[in-house]
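Everything below concerns the one structure shown next.
The values are calculated or read from the model by the stated rules, or taken from the named source; none is laboratory data. Quick caveat: nothing in here was measured; it's all calculated off a predicted structure. Positions of Cβ are backbone-derived with ideal geometry, glycine not excepted, and every protein chain shown enters the neighbour counts.
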Amino acid sequence: MKIATIDTQSGGHVGVLVDADTILDVTAFAAVSPTARLVPGSVRSVLDAGDAGLELVKRCADEAAGSADQDSLSAQGILRPFAETPLLAPIPDPRFILSVGMNYGRHLEEMSGTPTPTHPAAFIKIQDSLTGSGKPITVPPQCPDMIDYEGELCFVFGKSCHNVEAEGAMDYIAGYTIANDVSARDWTPEVFGSNSSFGGIHAWERNIMGKQLPGFTPLGPVMVTKDEIADPHDLQLTTTLNGEVMQSTKTDDLIFKLPEIIAYFSKWYRFHPGDVVTTGSPAGVGLGRKPPVFMKAGDRIEIEIEGIGKLSNMLVAA
(Lines give C-alpha, C1' and ligand atoms only; values in the text may rest on other atoms or scores of the structure.)
Protein backbone atom coordinates (compact mmCIF):
# COMPACT_ATOMS: atom_id res chain seq x y z
CA MET A 1 0.00 0.00 0.00
CA LYS A 2 1.24 3.46 -0.93
CA ILE A 3 0.13 6.24 1.42
CA ALA A 4 0.55 9.98 0.87
CA THR A 5 -0.49 13.32 2.31
CA ILE A 6 -2.45 15.38 -0.21
CA ASP A 7 -1.91 19.14 -0.07
CA THR A 8 -5.29 20.89 0.04
CA GLN A 9 -6.51 24.37 0.96
CA SER A 10 -7.94 22.92 4.16
CA GLY A 11 -4.66 21.21 5.11
CA GLY A 12 -3.15 17.80 4.58
CA HIS A 13 -5.50 14.95 3.66
CA VAL A 14 -4.71 11.26 4.01
CA GLY A 15 -4.30 9.73 0.55
CA VAL A 16 -3.78 6.20 -0.72
CA LEU A 17 -3.05 4.94 -4.23
CA VAL A 18 -5.77 2.68 -5.59
CA ASP A 19 -3.65 1.93 -8.67
CA ALA A 20 -0.43 3.25 -10.18
CA ASP A 21 -2.14 6.33 -11.63
CA THR A 22 -4.95 7.15 -9.19
CA ILE A 23 -4.98 8.39 -5.61
CA LEU A 24 -7.92 8.33 -3.23
CA ASP A 25 -8.43 11.34 -0.96
CA VAL A 26 -9.42 9.34 2.12
CA THR A 27 -10.27 12.45 4.13
CA ALA A 28 -12.69 13.63 1.43
CA PHE A 29 -14.00 10.07 0.98
CA ALA A 30 -15.47 10.35 4.48
CA ALA A 31 -18.32 12.37 2.95
CA VAL A 32 -19.67 9.20 1.33
CA SER A 33 -17.94 6.30 3.11
CA PRO A 34 -18.61 5.21 6.70
CA THR A 35 -15.29 3.37 6.69
CA ALA A 36 -13.40 6.54 5.77
CA ARG A 37 -15.03 8.37 8.67
CA LEU A 38 -13.13 6.04 11.00
CA VAL A 39 -9.73 6.89 9.51
CA PRO A 40 -7.65 9.30 11.64
CA GLY A 41 -7.13 12.75 10.17
CA SER A 42 -3.42 12.53 9.34
CA VAL A 43 -0.92 9.93 8.22
CA ARG A 44 0.93 10.26 11.52
CA SER A 45 -2.35 9.62 13.37
CA VAL A 46 -2.95 6.59 11.16
CA LEU A 47 0.46 5.24 12.18
CA ASP A 48 -0.27 6.09 15.82
CA ALA A 49 -3.29 3.77 15.50
CA GLY A 50 -1.01 0.90 14.48
CA ASP A 51 -2.11 -1.98 12.28
CA ALA A 52 -5.75 -1.05 12.81
CA GLY A 53 -5.17 2.40 11.30
CA LEU A 54 -3.41 1.00 8.25
CA GLU A 55 -6.13 -1.61 7.80
CA LEU A 56 -8.78 1.11 7.71
CA VAL A 57 -6.89 2.93 4.95
CA LYS A 58 -6.58 -0.33 3.00
CA ARG A 59 -10.30 -0.96 3.34
CA CYS A 60 -10.97 2.50 1.94
CA ALA A 61 -8.67 1.84 -1.03
CA ASP A 62 -10.38 -1.47 -1.73
CA GLU A 63 -13.82 0.10 -1.40
CA ALA A 64 -13.01 2.91 -3.82
CA ALA A 65 -11.29 0.57 -6.30
CA GLY A 66 -14.38 -1.65 -6.40
CA SER A 67 -16.93 1.15 -6.42
CA ALA A 68 -19.48 1.36 -9.21
CA ASP A 69 -19.51 5.14 -8.72
CA GLN A 70 -15.92 5.91 -9.67
CA ASP A 71 -17.03 8.59 -12.15
CA SER A 72 -18.88 10.34 -9.33
CA LEU A 73 -15.91 10.00 -7.00
CA SER A 74 -13.68 11.53 -9.66
CA ALA A 75 -16.13 14.37 -10.30
CA GLN A 76 -16.04 15.19 -6.57
CA GLY A 77 -12.24 15.15 -6.49
CA ILE A 78 -12.20 12.13 -4.19
CA LEU A 79 -10.44 10.01 -6.81
CA ARG A 80 -7.72 12.00 -8.53
CA PRO A 81 -4.93 11.49 -11.08
CA PHE A 82 -1.86 10.86 -8.95
CA ALA A 83 0.49 12.75 -11.27
CA GLU A 84 -1.65 15.91 -10.97
CA THR A 85 -2.19 15.80 -7.21
CA PRO A 86 -0.20 18.25 -5.04
CA LEU A 87 1.59 16.47 -2.22
CA LEU A 88 3.13 17.29 1.10
CA ALA A 89 5.73 15.02 2.66
CA PRO A 90 4.01 11.67 3.34
CA ILE A 91 4.34 12.39 7.07
CA PRO A 92 4.48 16.20 7.17
CA ASP A 93 4.61 16.38 10.96
CA PRO A 94 6.97 13.70 12.33
CA ARG A 95 7.98 14.19 15.92
CA PHE A 96 11.56 13.37 14.99
CA ILE A 97 13.75 13.17 11.86
CA LEU A 98 17.09 11.42 12.20
CA SER A 99 19.52 11.55 9.30
CA VAL A 100 22.25 8.90 9.14
CA GLY A 101 25.46 9.89 7.39
CA MET A 102 28.68 8.22 6.26
CA ASN A 103 26.80 5.00 5.53
CA TYR A 104 27.68 4.00 1.95
CA GLY A 105 31.11 2.49 1.34
CA ARG A 106 31.72 4.05 -2.06
CA HIS A 107 30.50 7.43 -0.84
CA LEU A 108 33.20 7.45 1.85
CA GLU A 109 35.79 6.74 -0.81
CA GLU A 110 34.74 9.74 -2.89
CA MET A 111 34.75 12.07 0.12
CA SER A 112 38.53 12.33 0.41
CA GLY A 113 38.83 8.78 1.69
CA THR A 114 36.73 9.37 4.81
CA PRO A 115 37.37 6.39 7.14
CA THR A 116 34.61 3.90 7.83
CA PRO A 117 32.96 4.77 11.15
CA THR A 118 33.02 2.21 13.96
CA HIS A 119 29.35 2.85 14.72
CA PRO A 120 26.50 4.64 12.92
CA ALA A 121 26.70 8.43 12.76
CA ALA A 122 23.68 10.73 12.47
CA PHE A 123 22.28 14.19 13.09
CA ILE A 124 18.80 15.54 13.74
CA LYS A 125 16.89 17.44 11.06
CA ILE A 126 14.11 19.92 11.80
CA GLN A 127 10.51 19.52 10.67
CA ASP A 128 10.55 22.90 8.92
CA SER A 129 13.08 21.53 6.42
CA LEU A 130 10.45 19.09 5.06
CA THR A 131 8.69 19.56 1.76
CA GLY A 132 6.82 17.30 -0.64
CA SER A 133 7.52 15.88 -4.06
CA GLY A 134 6.70 18.43 -6.75
CA LYS A 135 7.29 21.37 -4.42
CA PRO A 136 10.00 23.93 -5.25
CA ILE A 137 13.28 24.10 -3.35
CA THR A 138 14.13 27.76 -2.80
CA VAL A 139 17.76 28.70 -3.33
CA PRO A 140 18.77 30.53 -0.14
CA PRO A 141 20.25 33.97 -0.93
CA GLN A 142 22.69 33.71 2.01
CA CYS A 143 24.33 30.52 0.63
CA PRO A 144 23.34 29.99 -3.02
CA ASP A 145 26.48 28.63 -4.64
CA MET A 146 27.19 25.15 -3.22
CA ILE A 147 23.80 23.42 -3.04
CA ASP A 148 24.18 19.65 -3.21
CA TYR A 149 21.80 16.67 -3.49
CA GLU A 150 21.83 13.45 -1.48
CA GLY A 151 19.33 10.76 -2.48
CA GLU A 152 18.43 8.53 0.46
CA LEU A 153 16.26 5.55 1.36
CA CYS A 154 14.21 6.27 4.49
CA PHE A 155 12.25 4.14 6.88
CA VAL A 156 9.28 5.24 8.96
CA PHE A 157 8.50 3.90 12.41
CA GLY A 158 5.12 2.31 13.06
CA LYS A 159 5.62 1.56 16.75
CA SER A 160 7.22 3.26 19.73
CA CYS A 161 10.78 2.03 20.00
CA HIS A 162 13.43 2.47 22.68
CA ASN A 163 16.49 0.40 23.59
CA VAL A 164 15.75 -2.56 21.33
CA GLU A 165 18.08 -5.19 19.92
CA ALA A 166 18.87 -5.62 16.23
CA GLU A 167 17.04 -8.94 16.24
CA GLY A 168 13.42 -7.98 15.83
CA ALA A 169 14.17 -4.32 15.09
CA MET A 170 12.54 -4.49 11.65
CA ASP A 171 9.20 -5.16 13.37
CA TYR A 172 9.12 -1.50 14.38
CA ILE A 173 9.13 -0.25 10.78
CA ALA A 174 5.84 0.75 9.16
CA GLY A 175 7.19 1.53 5.71
CA TYR A 176 9.69 3.25 3.45
CA THR A 177 10.00 6.52 1.59
CA ILE A 178 12.64 8.66 -0.19
CA ALA A 179 14.47 11.77 0.98
CA ASN A 180 16.76 14.29 -0.63
CA ASP A 181 19.13 15.56 2.06
CA VAL A 182 19.74 18.87 0.28
CA SER A 183 22.92 20.44 1.63
CA ALA A 184 24.51 23.87 1.40
CA ARG A 185 28.17 22.83 1.33
CA ASP A 186 29.69 26.25 1.97
CA TRP A 187 31.26 25.13 5.24
CA THR A 188 32.81 21.82 4.16
CA PRO A 189 36.22 23.41 3.40
CA GLU A 190 36.34 24.42 7.07
CA VAL A 191 35.60 20.82 8.10
CA PHE A 192 38.25 19.18 5.95
CA GLY A 193 40.75 22.01 6.41
CA SER A 194 40.60 22.30 10.19
CA ASN A 195 43.88 21.88 12.05
CA SER A 196 42.29 21.51 15.47
CA SER A 197 39.69 19.26 17.03
CA PHE A 198 37.47 22.07 18.22
CA GLY A 199 37.82 23.92 14.96
CA GLY A 200 36.60 20.82 13.14
CA ILE A 201 33.72 20.38 15.58
CA HIS A 202 32.55 23.97 15.11
CA ALA A 203 32.88 23.70 11.34
CA TRP A 204 30.87 20.47 11.34
CA GLU A 205 28.10 22.19 13.28
CA ARG A 206 27.88 24.87 10.57
CA ASN A 207 27.91 22.17 7.91
CA ILE A 208 24.92 20.47 9.57
CA MET A 209 23.05 23.80 9.75
CA GLY A 210 23.50 23.94 5.97
CA LYS A 211 21.07 20.98 5.81
CA GLN A 212 18.34 22.62 7.89
CA LEU A 213 17.14 25.37 5.57
CA PRO A 214 13.42 25.55 4.70
CA GLY A 215 12.53 22.93 2.10
CA PHE A 216 15.93 21.24 2.27
CA THR A 217 14.41 17.83 3.08
CA PRO A 218 12.09 16.84 0.25
CA LEU A 219 10.35 13.61 1.28
CA GLY A 220 8.08 11.29 -0.69
CA PRO A 221 6.24 11.01 -2.89
CA VAL A 222 4.61 8.24 -0.81
CA MET A 223 5.28 5.96 2.11
CA VAL A 224 5.20 2.34 0.96
CA THR A 225 4.14 -0.11 3.65
CA LYS A 226 6.85 -2.62 4.52
CA ASP A 227 4.92 -5.62 3.16
CA GLU A 228 5.59 -4.33 -0.38
CA ILE A 229 9.40 -4.23 0.03
CA ALA A 230 10.89 -7.71 0.29
CA ASP A 231 14.39 -6.51 1.17
CA PRO A 232 15.22 -2.82 1.77
CA HIS A 233 18.91 -3.70 1.41
CA ASP A 234 18.45 -4.75 -2.22
CA LEU A 235 16.87 -1.73 -3.91
CA GLN A 236 18.12 0.33 -6.84
CA LEU A 237 18.52 4.04 -6.05
CA THR A 238 19.01 6.49 -8.92
CA THR A 239 19.43 10.26 -8.70
CA THR A 240 19.25 12.42 -11.81
CA LEU A 241 19.99 16.12 -12.20
CA ASN A 242 18.26 17.59 -15.26
CA GLY A 243 17.97 14.04 -16.58
CA GLU A 244 21.65 13.13 -16.11
CA VAL A 245 22.35 10.22 -13.78
CA MET A 246 24.40 11.38 -10.79
CA GLN A 247 23.87 8.54 -8.29
CA SER A 248 23.17 4.93 -9.19
CA THR A 249 23.61 2.19 -6.65
CA LYS A 250 22.00 -0.69 -4.83
CA THR A 251 21.24 -0.26 -1.17
CA ASP A 252 23.41 -3.30 -0.46
CA ASP A 253 26.32 -0.80 -0.23
CA LEU A 254 24.94 0.37 3.12
CA ILE A 255 27.61 -0.04 5.79
CA PHE A 256 25.14 -0.22 8.68
CA LYS A 257 21.94 -2.05 7.82
CA LEU A 258 18.55 -0.97 9.13
CA PRO A 259 18.43 -3.29 12.17
CA GLU A 260 21.82 -2.01 13.29
CA ILE A 261 20.70 1.61 12.87
CA ILE A 262 17.55 1.04 14.94
CA ALA A 263 19.33 -0.88 17.68
CA TYR A 264 22.14 1.67 17.98
CA PHE A 265 20.14 4.90 18.05
CA SER A 266 17.28 3.50 20.11
CA LYS A 267 19.74 3.19 22.99
CA TRP A 268 19.31 6.96 23.38
CA TYR A 269 16.25 8.07 21.46
CA ARG A 270 12.66 6.98 21.93
CA PHE A 271 11.17 6.75 18.46
CA HIS A 272 7.44 7.12 17.86
CA PRO A 273 5.09 6.19 15.01
CA GLY A 274 5.67 8.50 12.06
CA ASP A 275 9.27 9.30 12.95
CA VAL A 276 11.56 9.22 9.91
CA VAL A 277 15.13 7.97 9.60
CA THR A 278 17.16 8.65 6.46
CA THR A 279 19.82 5.99 5.96
CA GLY A 280 22.64 7.81 4.17
CA SER A 281 23.53 8.84 0.64
CA PRO A 282 25.48 6.77 -1.91
CA ALA A 283 28.39 7.84 -4.07
CA GLY A 284 27.90 10.50 -6.71
CA VAL A 285 27.10 13.57 -4.64
CA GLY A 286 28.05 16.88 -6.20
CA LEU A 287 30.80 17.70 -3.71
CA GLY A 288 32.55 14.40 -4.38
CA ARG A 289 32.82 14.99 -8.13
CA LYS A 290 35.84 16.42 -9.90
CA PRO A 291 35.03 19.16 -10.65
CA PRO A 292 32.19 19.53 -8.10
CA VAL A 293 28.64 19.81 -9.41
CA PHE A 294 26.18 22.00 -7.51
CA MET A 295 22.53 22.79 -8.12
CA LYS A 296 21.11 26.16 -9.13
CA ALA A 297 17.75 27.76 -9.84
CA GLY A 298 16.02 26.06 -12.78
CA ASP A 299 17.53 22.61 -12.08
CA ARG A 300 15.33 19.56 -11.55
CA ILE A 301 16.55 16.93 -9.13
CA GLU A 302 14.87 13.50 -9.06
CA ILE A 303 15.50 10.47 -6.87
CA GLU A 304 13.92 7.14 -7.72
CA ILE A 305 13.98 3.98 -5.61
CA GLU A 306 12.48 0.82 -7.00
CA GLY A 307 9.25 -0.18 -5.34
CA ILE A 308 8.73 3.25 -3.80
CA GLY A 309 8.54 5.84 -6.58
CA LYS A 310 10.21 9.04 -7.72
CA LEU A 311 10.83 12.16 -5.63
CA SER A 312 11.02 15.18 -7.93
CA ASN A 313 11.72 18.84 -7.14
CA MET A 314 12.83 21.95 -9.02
CA LEU A 315 15.10 24.62 -7.59
CA VAL A 316 13.80 28.18 -7.78
CA ALA A 317 15.31 31.56 -7.03
CA ALA A 318 14.37 33.23 -3.75
Qualifying position, being part of a loop (DSSP other than H, G, I, E, B) and not assigned by TED's automatic domain parsing to the domain that holds Asp275, among Val57, Val46, Val39, Val18
Val39
Those residues of region 29-61 which are of a type in the set (Asp, Glu) and surrounded by 15 or more Cβ atoms within 10 Å (Cβ to Cβ), in sequence order
Asp48
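I want to confirm something. Restricting to region 180-207 and keeping residues that are part of a helix (DSSP H, G or I) and of a type in the set (Phe, Trp, Tyr), which single residue is surrounded by the most Cβ atoms within 10 Å (Cβ to Cβ)?
Among those that are part of a helix (DSSP H, G or I) and of a type in the set (Phe, Trp, Tyr), it is Trp204.
Residue by residue, here is whether (1) touching a residue at least 40 places away in the same chain (Cβ under 8 Å); (2) crowded, with 24+ Cβ neighbours inside 10 Å; (3) of a type in the set (A, V, I, L, M); (4) part of a strand (DSSP E or B) holds:
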position: Pro273; (1), (2), (3), (4): yes, yes, no, no
position: Ala283; (1), (2), (3), (4): yes, no, yes, no
position: Glu302; (1), (2), (3), (4): yes, no, no, yes
position: Gly307; (1), (2), (3), (4): yes, no, no, no
position: Asn313; (1), (2), (3), (4): yes, yes, no, yes
Counting only residues in region 256-271 that are among the hydrophobic types (A, V, I, L, M, F, W, C) and more than 30 Å from Leu241 (Cβ to Cβ), the one surrounded by the fewest Cβ atoms within 10 Å (Cβ to Cβ) is identified as Trp268
Can you tell me how many residues within region 114-151 are touching a residue at least 60 places away in the same chain (Cβ under 8 Å), touching a strand residue (DSSP E or B) at 6+ places or on another chain (Cβ under 8 Å) and among the polar types (S, T, N, Q)?
4
Candidate set from region 1-22 (those that are under 17 Å from Lys310 (Cα atoms) and in contact with a Pro (Cβ under 8 Å, 6 or more places away or on another chain)); member that is surrounded by the fewest Cβ atoms within 10 Å (Cβ to Cβ)
Asp21
Take the residues in region 220-250 that are hydrophobic (A, V, I, L, M, F, W, C) and more than 30 Å from Ser42 (Cβ to Cβ); name whichever of them is surrounded by the fewest Cβ atoms within 10 Å (Cβ to Cβ).
Val245
If I filter region 260-271 for residues that are modelled with pLDDT under 95 and hydrophobic (A, V, I, L, M, F, W, C), do I get at least one hit?
no
Could we say that Gln212 is within 19 Å of Pro189 (Cα to Cα) and either at pLDDT 95 or above or buried (at least 20 other Cβ atoms within 10 Å of the Cβ) (or both) here?
yes
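Quick grid of which residues meet (1) outside the structural domain of Met295 (by TED's automatic domain parsing); (2) outside any helix (DSSP H, G or I); (3) under 20 Å from Leu219 (Cα atoms):
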site	(1), (2), (3)
Asp71	yes, no, no
Leu108	no, no, no
Thr114	no, yes, no
Tyr176	no, yes, yes
What are the residue pairs meeting all of these: first residue in region 83-108, first residue over 19 Å from Asn180 (Cβ atoms), second residue of a type in the set (S, T, N, Q) and surrounded by 24 or more Cβ atoms within 10 Å (Cβ to Cβ), Cβ atoms under 8 Å, and 6 or more apart or on different chains?
none
Hits in region 279-300 (condition: within 21 Å of Val224 (Cα to Cα) and either over 20 Å from the mean Cα position of the chain (by Cα) or of a type in the set (Val, Ile, Thr) (or both))
Thr279
First in region 162-183 and under 17 Å from Pro232 (Cβ atoms), second anywhere and acidic (Asp, Glu) and modelled with pLDDT of 95 or more, Cβ under 6 Å, 6 or more apart
Ala166/Glu260; Ala179/Glu152
